[in-house]
1. Tally up the carbon and sulfur contribution to the accessible surface of the chain as a whole percent, 1.4 Å probe, everything protein left in place.
2. Using alpha carbons only, what's the Rg to Rh ratio of the stretch 1-120 with Rh from Kirkwood?
3. In square angstrom, what is the accessible area per residue of the stretch 142-214 with a 1.4 angstrom probe?
4. Hey, can you grab everything whose amide H is under 5 Å from the amide H of Ala122? Only 5+ residues off in sequence or another chain; H modelled, so Pro and N-termini drop out.
5. Assigning unit charges at the beta carbon (Lys, Arg +1; Asp, Glu -1) and nothing else, what dipole magnitude in debye, to the nearest 20, does the stretch 155-255 show about its Cα centre?
6. Once each part is reduced to its C-alpha centroid, what is the distance from the stretch 193-207 to the stretch 135-158 in angstrom?
7. Read phi for every residue in the stretch 28-36 and hand back ³J(HN,Hα) as whole Hz from Karplus 6.51 cos²θ - 1.76 cosθ + 1.60, θ = phi - 60°, with x for Gly and Pro.
8. Indicate the gyration tensor shape class of the chain (rounded, prolate or oblate), computed on the Cα atoms with a ≥ b ≥ c the square roots of the eigenvalues: a/c under 1.5 is rounded; otherwise a/b larger than b/c is prolate and the rest oblate.
Amino acid sequence: MIPLILDVDTGIDDAFGLLYALSRPDARLLGVSAVAGNVNLAKAVRNTRAVLALAGRPDIPVWPGAAAPLLGHVGDASDIHGDSGLGHALLPEPAPAPVAAHAVDAFLAAARDHEGRLVLVATGPLTNIALAVARDPDLPRRLARFVVMGGAFAVGGNVTAAAEFNIWHDPEAARIVLRAFSQEGAAPTILIGLDVTRQCLLSEADLDALAATCADAPNGPALTTFLRDAARHYFDLMQRRGRPRALVMHDPLAVAVALDPSLVRTTALPVDVETRGELTRGQTIADFRGEPGRIGVALEVEASRFRADYLAAITRLAGEPDCLPQERGQ
Ligand code: RIB
Ligand code: CA
């Protein structure tokens with residue numbers, strides 16, 4: 001079992017990624033930390049707990065982290081994810097949370113408890129990770145792997161012409177994190193940027209077919225109704241922009257790569273972040289000139305294998321008899 005922590009700003013695709021992680025029998029989700037990004041911290045925590053409960057895993061702890069980027073609040077992505085952060089999905093209010101540790105304390109404890117084995121995936125702004133490496137500069141050496149959904153290297157941005165949202169939301173944090181994970185002895189680090197996520201789409205037809213496949217599975221209707229209602233907000237937005245009714249699987253791809261790096265081809269490069277550009281703040285700059293670097297930038301992806309894997313994962317989670325998701329407390 002791979003010990004896994006997700007750092008999220010649940011949002012629609014964060015939720016899709018969370019469900020994927022829960023479906024993997026080879027991964028043990030130790031906990032989920034939340035950070036302000038798509039929505040405010042309280043909503044990110046609430047949404048994460050609600051999705052865990054939907055998947056029958058309210059036992060998994062949710063650790064609140066930073067309520068704002070290092071230099072103070074910027075805009076959110078509620079235009080994309082809806083005011084709730086989960087599109088049109090309506091989930092029951094989760095039961096009151098037990099007192100939870102702060103995200104940074106949880107990271108540092110888990111990294112020591114699972115020294116050299118813990119896989120950390122960040123699918124939101126990197127504020128929590130930056131605070132953690134400030135607390136423990138050895139954190140990058142204690143992990144087995146670190147995967148970030150973030151950046152745009154040979155393509156344009158999404159939140160601005162130059163920047164991808166997670167990096168744009170807290171570029172100072174991203175710079176701190178990339179420098180920390182570029183040091184000698186740091187865990188292998190992979191950046192899953194828009195270069196590869198934009199190749200990984202799930203269409204409305206895919207979700208409709210998934211709902212039909214899982215219609216008679218124990219958790220099928222609840223899971224697929226959630227996925228379709230959450231994604232419909234995004235589909236409607238894409239249609240208004242003249243684009244196909246399909247969800248870019250940014251965060252689920254990062255989670256999948258964390259558990260199977262062979263899904264992408266990476267190039268080890270020096271990577272830094274623009275923090276002062278009037279038009280380019282939050283842009284990720286990879287140096288392709290040939291200087292040695294330690295950050296694995298994903299430039300190619302096996303998109304069809306990922307899509308098939310994702311659909312099979314949700315089918316598993318729905319409770320199809322052939323394979324049950326991870327057991328509690330393993
Ligand atoms: O740019 C895409 C990223 O920003 C995803 O993680 C999405 O959830 C938003 O946080
Ligand atoms: Ca996210």
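1. Numbers: 6950 of 12880 Å².
Answer for the chain is 54 percent, counting heavy atoms of protein chains only.
2. Working: Rg = 13.9 Å, Rh = 14.5 Å.
Rg/Rh: 0.96.
3. Working: 2300 Å² over 73 residues.
Using a 1.4 Å probe on heavy atoms only, each residue of the stretch 142-214 averages 32 Å².
4. Amide H neighbours of Ala122: Asp7, Val147, Val148, Met149.
5. Working: 9 positive and 12 negative charges, 64 e Å.
That gives a dipole near 300 debye.
6. Spelled out, the Cα-based centre of one part sits 21 Å from the other.
7. Coupling constants for the stretch 28-36: 10, 6, 6, x, 10, 9, 10, 9, 5 Hz.
8. On the way: a/c = 1.43, a/b = 1.25, b/c = 1.15.
Rounded, since a/c falls under 1.5.
The values are calculated or read from the model by the stated rules, or taken from the named source; none is laboratory data. As the structure is a prediction and not an experimental result, all values here were calculated from the model. Here the Cβ is made from the backbone with ideal geometry for all residues, glycine too, and neighbour counts use every protein chain on show. Note: areas computed on protein heavy atoms with side chains; ligands, DNA, RNA excluded. Shrake-Rupley method; radii C 1.70, N 1.55, O 1.52, S 1.80 Å.
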